[in-house]
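Here the structure is laid out as structure tokens; the discussion comes afterwards.
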Amino acid sequence: MKRSADKKKVLVITYYWPPSGGITVLRCLKIVKYLRDFGWEPVVYTAENAHYPSLDPSNLRDIPEGLEVIRGRIWEPYALYKKFTGQAREANVNNVFYTSEEEQGAAHRLAVWIRSNFFIPDARARWIRPSVRRLMQYLKEHPVDALFSDGPPHTNTRIATLIKQKTGIPWLADFQDPWTQVDYYQLLRLMPWADRKHHRLEQEAFAAADKITIVSPTWREELMALGAQNVSVIPWGFDPDDFPPTPVRPPASFSLAHIGIMGYDRNPRQLFRALARLKTNYPALDQELELRFAGQIDHSVRASLEEAGLAPHLHFLGTVPREEALQLARESAVLLLLINQQPNAQGRIPGKAFEYLAARRPILSLGPPHADVSRMIEEVCAGRGIAYEAEDALYRQLEEWYLQYRAGRLQAPLDTSIEQYSIRNLTRRMAGFLDEIAVHADA
């Protein structure tokens, strides 16, 4: 399926695409935005009627003019799940693994068992076969030079695996999260045969992919330990277009902001206790402290806030548009980056970490000691990484920043070294990998 035209084409397979909101959509969207700068014309295949957790029309502006987008209809089980568990039609149920078991009943547990064992690799699994049929027909008339997929959902990965097996088109498999080592995998109620199927499909993807990229060094090593080859790290990143070069103003309050899901495994109890101690030792903080949380919050987090006496300081914003989230980051005194307390946390570098960098505010990351994200933040002098349980260390760091705030010296971190995380620069590297696998296919 060689092409004679000079322009190289890549078929991008992604479930998340505008008008989807949230962070997950941005990886493919931003890469597609810049691929043309490096000699690749993307063609996007995505879902026609997807059940996205949130919508954000502002993402539409990043779609390149004249981009070809192919949409395939998808059936997802979320409507049945909500009806089965008695939830409202508009309820957001895509993130059920980030809520604690105490919040869920027997109907939820049964639904998770069904999803775990009969929707493999994920809830979009019924999209695989029709997508392969649709794309095989498309490729007969519109050949491309490479495939690019982004997972999870690893339904994307499976579609690309089958297309590669049938056509031999060079394939770059991108991983935002691992497959069988993702943090919620252990929460799936898998029967032994279902667990074996996950691992078999994962190994088929490793064998078929010509190139694999993943977002952190630790996860790269873990993938290679499972048998993946030719794996490179392409982290998330930030788009400079989203951060106009306006002066960074001093924060109006000692505000700590968190953007995104604050699930039961991201409950910063010791941080809240450290803040309560700080209030006791510095009474003026009672009038200056704000906790600005945008996204979903587990009930256990609210309980910890109540226990620490911090509930009056909470400004819960719910799910907000992306532009509002970025503005919140730029205006806050300290940005909280809470890493899932799960076995794969050492390698988790969330996408919002890079947007925090671009916001040029001090970052406080909670997670394992010497985690990849802590090293990254500290290398560019953007903040500190501290263990969840290290209450004294958390207190000392908060005290240092609070005293700087009172003195008007709470400085934004220098951003001279963060240009390496510009999505345009990262896309340059991704395009280089596409060049490599396309050249090898032609050889």
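Here are a few things to note about the model shown:
- Once region 163-202 is narrowed to residues that are among the aliphatic types (A, V, I, L, M) and out of contact with any Leu (no Cβ under 7 Å at 6 or more places or on another chain), the residue that is surrounded by the most Cβ atoms within 10 Å (Cβ to Cβ) is A173.
- Elements of type strands (runs of 3 or more DSSP E) in region 209-310, at least 1 residues being of a type in the set (K, R) and within 22 Å of V373 (Cβ to Cβ): 289-294
- Region 354-409, residues that are in contact with a Lys or Arg (Cβ under 8 Å, 6 or more places away or on another chain) and of a type in the set (D, E, K, R): R360, R361, D372, E378, E391
- Count of residues meeting criterion [aliphatic (A, V, I, L, M) and part of a loop (DSSP other than H, G, I, E, B)] in region 319-356: 4
- Filter pass, I259 being modelled with pLDDT of 95 or more and over 21 Å from E306 (Cβ atoms): no
- Checking the stated criteria, K211 turns out to be touching a Leu at 6+ places or on another chain (Cβ under 7 Å), within 26 Å of Y138 (Cα to Cα) and in contact (Cβ under 8 Å) with a residue 12 or more places away in the chain.
- Filtered residue count, region 265-302, keeping only those that are in contact with a Ser or Thr (Cβ under 6 Å, 6 or more places away or on another chain) and closer than 20 Å to G351 by Cα: 2
- For region 214-248, a tally of residues being among the polar types (S, T, N, Q), in contact (Cβ under 8 Å) with a residue 24 or more places away in the chain and in contact with a Phe, Trp or Tyr (Cβ under 8 Å, 6 or more places away or on another chain) returns 1.
- Screening S300, S304 for residues that are among the small types (G, A, S) and over 30 Å from T180 (Cβ atoms) leaves exactly one candidate, S304.
- Among the residues of region 283-324, those that are surrounded by 17 or more Cβ atoms within 10 Å (Cβ to Cβ) and more than 31 Å from the chain's Cα centre (by Cα) comprise L285, E288.
- Region 359-382 - residue that is more than 25 Å from L314 (Cα to Cα) and among the small types (G, A, S) and, of those, surrounded by the fewest Cβ atoms within 10 Å (Cβ to Cβ): A371
- Residue within region 219-233 that is buried (at least 18 other Cβ atoms within 10 Å of the Cβ), modelled with pLDDT of 95 or more, outside the structural domain of F118 (by TED's automatic domain parsing) and small (G, A, S) present: no
- Within region 30-65, tally of residues that are assigned to a loop (DSSP other than H, G, I, E, B), touching a Pro at 6+ places or on another chain (Cβ under 8 Å) and farther than 21 Å from G295 by Cα: 2
- Residues in region 395-413 include none that are touching a helix residue (DSSP H, G or I) at 6+ places or on another chain (Cβ under 8 Å), of a type in the set (A, V, I, L, M), under 30 Å from F38 (Cβ atoms) and in a helix (DSSP H, G or I).
- Output for region 335-353, where each listed residue is surrounded by fewer than 22 Cβ atoms within 10 Å (Cβ to Cβ) and either aromatic (F, W, Y) or farther than 21 Å from I423 by Cα (or both): N340, Q341, Q342, P343, N344, A345, Q346
The values are calculated or read from the model by the stated rules, or taken from the named source; none is laboratory data. Only a predicted model underlies this, so the values are computations on that prediction, with no experimental measurement involved. Cβ: placed from backbone, ideal geometry, glycine included. Neighbour counts: every protein chain shown.
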